[in-house]
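These notes concern the structure reproduced below.
The values are calculated or read from the model by the stated rules, or taken from the named source; none is laboratory data. These numbers were taken from a predicted model, which means no experiment stands behind them. Cβ placement follows ideal geometry from the backbone for every residue including glycine, while neighbour counts extend to all protein chains displayed.
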Amino acid sequence: MRAENYEARNHPPSHEFEINFGPNHPGIEGNYALKVRVHGDQVVAARADGGYLHRGFEKLMEQRLWIQNIALVPRICVPDPAPMEVAYSMAVEQLCGLDVPERAQWLRVLQLELSRLAAHLFTFGGHAATTGMYSPMFWGVADRDLLLDLFEELTGGRVYSIYNIPGGVRRDIPEGFLDRISATLDYLDSRLPDYDNLLFTNRVFVTRAKDTGPITQAQALEWGVTGPNLRATGLAFDVRRDDPYLVYDQLEFDIPTEQAGDAWARTLVRRGELQQSVRILRQVVERLPSVEGPIRAPIPNPLAWKVPVGEAYVRIESSKGELGWYVVSDGGEKPYRVHIRGPSSMHAVQVLEHLVTGARIEDVAQIMFSLDACPPEVDR
Amino acid sequence: MGDIEYKKAGSILNPLKSLSFFTRPAVTEPLEPRRAALRYRGFHLNDWEKCVGCSTCQKVCDNAAITMVRVPSLPEDELQGIRNLRPAIDYGRCCWCALCVDLCPTGSISLSREYVHTCTDDELSSYFVLPDPRGMHNEHFGEGWNKTPENDLIDPRRQAMGELQAEQRIDHFGEIVHGYDKQQAIIEASRCVQCGMCHEACPTHMDAPEYIRAIWQDDLEEAVRQIYNTNPFAHTCGRVCTHRCETACSIGKRGEPIAIRWLKRYAMDAFTPEQVRDIVGTPQVAPSGRRIAIVGSGPAGLTAAYDLARQGHQVTVFEGLDKPGGMPRWGIPEYRLPYERLDADIAVIEAMGVEIRCNTWIGRDISMEQLREDFDAVLLGLGLQLGRSTRIPGADHAAVHKAVEVLRWVTEGRAFKVPRTAVVIGGGNVAMDAARSLARLQRKTFGEVRVTVSALEDFDHFLADPEEVRESDEEGIVILPSRGPQECITEDGRLIGLTTLRVMSIFDDQHRFAPRYDETDRQLHEGEMIVEAIGQMTDTGLLGEELTEALEWSRGRLQVDADGRTSQPWLWAAGDMVHGPDVVHAVADGHRAARSIHRYLTSDAIQEEAS
């Protein structure tokens, strides 16, 4: 509990009680809990309570061959699994000094941006549902399914792609795939006005979201806020542009920002990113046919693969924010230590506790969804 | 689509525009089963014809979802590297990552385009499935995720072995192959999937997966320890082994097998005999007081000597020629096996306390009866040192020789008259050895190679290793397949060549050897010397009449039991004389005989005999 927000003498016990918000609650993303102390419908104190999804990924990875971890890492964040695979692979590549063929880099961008689209559609739906609007949620999930169809075609799996391996990607695009991506992108473009009408310019939603859970830029920087949540405070920082990886430096895209830093601003930034991802994907579709060559650098037999001694830190921009992977090798067949700096742990613990305190109870769920925190990634 | 401005946003009426959706079809329509994508990762399919049960899928499975299950109805063939094990999947653990597919050495596993499995009965065991080609529910939904050469995670190519080109190697007996350097060896060793097929196929069951892994770990001392678990002829086998391990290797099912023989050579070449002795250690057991005589210092005899000496017995090896080593020394040319490497193997064996007495012929210098009296047990480890004759007309001419003789002369360095032209009869590896040895001598003496090899078999059924044929060809030797020798032609008492007929068939309907020839296709091959390389046998004359009578024989071969023991309780036999020519078989035989002898010497039976 944040001591500065709670003074017992101001709140006689008879008017206050503590409720468990989660770990099973429709207004919470995944298995995550907030212990909130409420006075009437006002939250006077809150404590984030994670750990329900702790599966010990970092420790598990130390027990597995370098190759085996590729099947494990996408599970760290279910709605946006691609960045986990890519970041892990990039870290191992950095340790091994592997040069990833250009075509593989384009395919990785393709996968990452499709994953970002899917994640954002999911989040809009969730955010809308927390304000009592369920149609956008149904739409979001249905439209995300079209992206999952593309994942199924490209990677063989709808949710957990397991598409990357250190050195590149596992399969090239199937026949006619780029046309089908274009068709889906066209469809998503045509859907945006519908979303605008139903959600983004819906007076009920705007009123609920505006001025809810505001963060200032100074607070954001102090608390380690990244990604859309940071950009919603007016700072145009995006790892894809400011520390480019893969082929992002060859792509044209804008960094959407908002100034208010509230739930509404955060949602608008994501809406803008949706458009930018579509824009990036259209460039990938155009460029990919002219980028020829292998999709994977030669790697040793995965059953007999020792990665040179060293440590690697890789950061990429996931749909939630800046995702950092720190991987240490002692020269063995398995990682010596892996640490993941997931953006959600900052957003779902200190930021969420702060924003929820003083808010009304009906906004608690909305605040959490507007931060787009991913509990499995918090817990890892 | 412009960005949304705060001031424009937020009409209470906007959502009403979505009412138009009442007139649109639902996104879930039409409601019909959906075909999975072409590379969907569904349930496992396994082509049982292709699968060899190597269990690589089990090793790479990151969820330990795969168990290898024995299917007794399926064939099993150690020599071909085929086990009757097949992977069974626990779908309670599988995560459908398909690494098993991408790593399968044979390419037998793929995943189906099936989305759903529900329990049709109350048993949870229906989630534990032994995949076959028909799919999970015997309904073929089609193959989904599968493997193509572009996305194979198994590297099918072996590290190329550097070797002398024909021009560089033809005028001397220096070793042809260079051997792997450290980087090549580690990369080659890293290709191994540790399936152990090699271990099972090897006659002496070498711990090949273990030493390959040790080489990969750059722990060569450990590699040598693992090699010496089963094979004290490590240098020799590292160069001239018939490498059944590589035939069985599961990587070899689609690609090139791991170069197991060259890896052994690499590990051994890193150490001197003294170092090898220190790595494997000298015997640390109390002397047993038992004495064993071994006749013949080839791989079989010396392997048994090594084992028995390490068990504390006193071993004496009798060798008729002036140097130990047996057929590897006298029958294998030095360009394949440098004799200093053979000496290195023997030095380690001698360091175990084995006494080798050269220039001691049994039957001449000492009799078998004498050995029987002086020793507690006797092991015969004789090679096939007599060549067989074709018995064609003229084969008794002084310039017609057996391949084993010629090879022995070359090893001895004996000065014999090198023929300007020579014909070798035979198509096996010994014929190639003889032909290539003569070619080198011809090149040294005359500057040109004029050797013809005449073989009964055609190239599709050739007996010699393909690389021997290729290298002979590179060295200028003419190999004539499907030629049957008819007569050694002489002119004024001087041998001038061999006539042959074209072979139409070698075996009759009952698969008996009965070659048929095309009488119209007769050729004369020039040769001042003719070398017969059509097979060898053991000189059993040294046993003496009495012992020969007492022993059991089968078609000229000494009969032994599974442990190499003859019908005489004090006498064992091992190696080529029992199992035909092969170094690694001889090593295996030596171990087997040594085990049996040790058992006998430490058993009650001999205690009673002694008392």
Task: Pick from the stretch A:167-199, criterion of a type in the set (Lys, Arg) and facing another protein chain (nearest Cβ under 8 Å), ranking: surrounded by the most Cβ atoms within 10 Å (Cβ to Cβ) - done: A:ARG170
- [ ] For B:VAL423, state whether it is assigned to a strand (DSSP E or B), closer than 14 Å to B:ILE534 by Cα and modelled with pLDDT of 90 or more.
- [x] yes
TODO: Give the number of residues within the stretch B:495-528 that are in contact (Cβ under 8 Å) with a residue 40 or more places away in the chain and over 18 Å from B:GLY428 (Cα atoms).
DONE: 8
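So that you can scan it fast, the table gives a plain yes or no per residue for (1) more than 10 Å from chain B (Cβ to nearest Cβ); (2) under 30 Å from B:ARG191 (Cα atoms); (3) not in a loop (DSSP other than H, G, I, E, B):
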| site | (1), (2), (3) |
| --- | --- |
| A:PRO214 | yes, no, no |
| A:VAL225 | yes, no, no |
| A:ARG241 | yes, no, yes |
| A:ALA265 | no, no, yes |
| A:SER277 | yes, no, yes |
Open item on the list: I'd like the full set of residues that are closer than 30 Å to B:SER110 by Cα and part of a strand (DSSP E or B), limited to the stretch B:141-181.
Closed with: B:GLU143
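Output the residue which, of all residues in the stretch B:143-164 that are surrounded by 15 or more Cβ atoms within 10 Å (Cβ to Cβ) and within 19 Å of B:ALA37 (Cβ to Cβ), is modelled with the lowest pLDDT.
First, the residues of the stretch B:143-164 that are surrounded by 15 or more Cβ atoms within 10 Å (Cβ to Cβ): B:143-147, B:151-156, B:158-159, B:161, B:163-164.
After this cut, where a residue has to be within 19 Å of B:ALA37 (Cβ to Cβ) as well, the list is B:143-147, B:151.
Working: B:GLU143: 90, B:GLY144: 92, B:TRP145: 94, B:ASN146: 93, B:LYS147: 91, B:ASN151: 86.
So the residue we want is B:ASN151.
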Open item on the list: I'm told A:THR155 meets every condition in (1) more than 21 Å from the chain's Cα centre (by Cα); (2) within 28 Å of A:GLU286 (Cβ to Cβ); (3) buried (at least 23 other Cβ atoms within 10 Å of the Cβ) except one. Can you identify the failing condition by its number?
Closed with: (1)
Open item on the list: Here is a list: A:GLY125, A:GLY157, A:GLY140, A:GLY167. Which entry is modelled with pLDDT under 95 and in contact with a strand residue (DSSP E or B) (Cβ under 8 Å, 6 or more places away or on another chain)?
Closed with: A:GLY167
TODO: Counting only residues that are surrounded by fewer than 13 Cβ atoms within 10 Å (Cβ to Cβ), give me the strands (runs of 3 or more DSSP E) lying completely in the stretch B:508-611 with at least 2 of them.
DONE: B:513-526
Task: Checking B:SER110 against (1) part of a loop (DSSP other than H, G, I, E, B); (2) small (Gly, Ala, Ser); (3) within 14 Å of chain A (Cβ to nearest Cβ); (4) crowded, with 19+ Cβ neighbours inside 10 Å, the condition it does not meet - done: (1)
Task: Selected residue [buried (at least 17 other Cβ atoms within 10 Å of the Cβ), in contact with a helix residue (DSSP H, G or I) (Cβ under 9 Å, 6 or more places away or on another chain), of a type outside the set (Asp, Glu) and more than 14 Å from chain B (Cβ to nearest Cβ)] from A:VAL307, A:VAL349 - done: A:VAL349
Open item on the list: Here are the criteria: (1) in contact with a strand residue (DSSP E or B) (Cβ under 9 Å, 6 or more places away or on another chain); (2) of a type in the set (Val, Ile, Thr); (3) within 16 Å of B:GLY476 (Cβ to Cβ). Tell me which single one B:VAL404 does not satisfy.
Closed with: (3)
TODO: Would you please list the contacts, defined by Cβ atoms under 6 Å and residues six or more apart or on different chains, that run from a residue in the stretch B:29-47 that is aromatic (Phe, Trp, Tyr) to a residue that is in a loop (DSSP other than H, G, I, E, B)?
DONE: B:TYR40/A:GLY156; B:TYR40/B:ARG113; B:TYR40/B:GLY144; B:PHE43/B:GLU114; B:PHE43/B:MET136
Task: Among residues of the stretch B:183-209, those that are assigned to a loop (DSSP other than H, G, I, E, B), of a type outside the set (Asp, Glu) and more than 9 Å from chain A (Cβ to nearest Cβ), counted - done: 7
Task: Of residues in the stretch B:11-33 being within 9 Å of chain A (Cβ to nearest Cβ) and either within 30 Å of B:ALA65 (Cβ to Cβ) or surrounded by 19 or more Cβ atoms within 10 Å (Cβ to Cβ) (or both), the one farthest from the chain's Cα centre (by Cα) - done: B:ASN14
Task: Every residue from the stretch B:366-390 that is free of Cβ contacts under 8 Å to residues at least 60 places away in the same chain and within 20 Å of B:THR540 (Cβ to Cβ) - done: B:ILE366, B:GLN370
Task: Residue check for A:THR123: more than 14 Å from chain B (Cβ to nearest Cβ), touching a Lys or Arg at 6+ places or on another chain (Cβ under 7 Å) and either without any contact (Cβ under 8 Å) to a residue 40 or more places away in the chain or farther than 30 Å from A:LEU65 by Cβ (or both) - done: yes
Task: Answer from A:ASN202, A:ASN164 - the residue that is crowded, with 20+ Cβ neighbours inside 10 Å, away from every other protein chain (no Cβ under 11 Å), touching a helix residue (DSSP H, G or I) at 6+ places or on another chain (Cβ under 8 Å) and farther than 15 Å from A:LEU146 by Cβ - done: A:ASN164
Task: Options A:LEU112, A:LEU98, A:LEU146, A:LEU150: the member that is on the phi < 0 side of the Ramachandran plot and not in a helix (DSSP H, G or I) - done: A:LEU98
Task: Residue in the stretch A:58-72 that is farthest from A:GLN111 (Cα to Cα), counting only those that are part of a helix (DSSP H, G or I) and away from every other protein chain (no Cβ under 11 Å) - done: A:LYS59
- [ ] Test B:ALA300 against the criterion of being part of a helix (DSSP H, G or I), assigned by TED's automatic domain parsing to the domain that holds B:ALA588, under 25 Å from B:GLU468 (Cβ atoms) and in contact (Cβ under 8 Å) with a residue 40 or more places away in the chain, and give yes or no.
- [x] yes
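Kindly establish whether A:ALA236 is loosely packed, with under 15 Cβ neighbours inside 10 Å, of a type in the set (A, V, I, L, M, F, W, C) and outside any helix (DSSP H, G or I). Even if it seems obvious, please write down each step before you answer.
Values: loosely packed, with under 15 Cβ neighbours inside 10 Å: yes; of a type in the set (A, V, I, L, M, F, W, C): yes; outside any helix (DSSP H, G or I): yes.
Yes.
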- [ ] Answer with yes or no whether B:ILE212 is surrounded by 21 or more Cβ atoms within 10 Å (Cβ to Cβ), within 14 Å of another protein chain (Cβ to nearest Cβ) and assigned to a helix (DSSP H, G or I).
- [x] yes
- [ ] Exactly one condition in (1) more than 14 Å from chain B (Cβ to nearest Cβ); (2) of a type outside the set (Phe, Trp, Tyr); (3) in a loop (DSSP other than H, G, I, E, B) is not met by A:GLU93; state its number.
- [x] (3)
- [ ] Report the residue count in the stretch B:37-55 for those that are more than 7 Å from chain A (Cβ to nearest Cβ), assigned to a loop (DSSP other than H, G, I, E, B) and either closer than 25 Å to A:TRP139 by Cβ or of a type outside the set (A, V, I, L, M) (or both).
- [x] 10
Task: Residues satisfying the stated conditions in the stretch A:7-24, i.e. surrounded by fewer than 17 Cβ atoms within 10 Å (Cβ to Cβ) and either part of a loop (DSSP other than H, G, I, E, B) or at pLDDT below 80 (or both) - done: A:GLU7, A:ALA8, A:ARG9, A:ASN10, A:HIS11, A:PRO12, A:PRO13, A:SER14, A:HIS15, A:ASN24
Open item on the list: Among the residues that make up the stretch A:31-49, is at least one of them part of a helix (DSSP H, G or I), surrounded by 19 or more Cβ atoms within 10 Å (Cβ to Cβ) and modelled with pLDDT of 90 or more?
Closed with: no
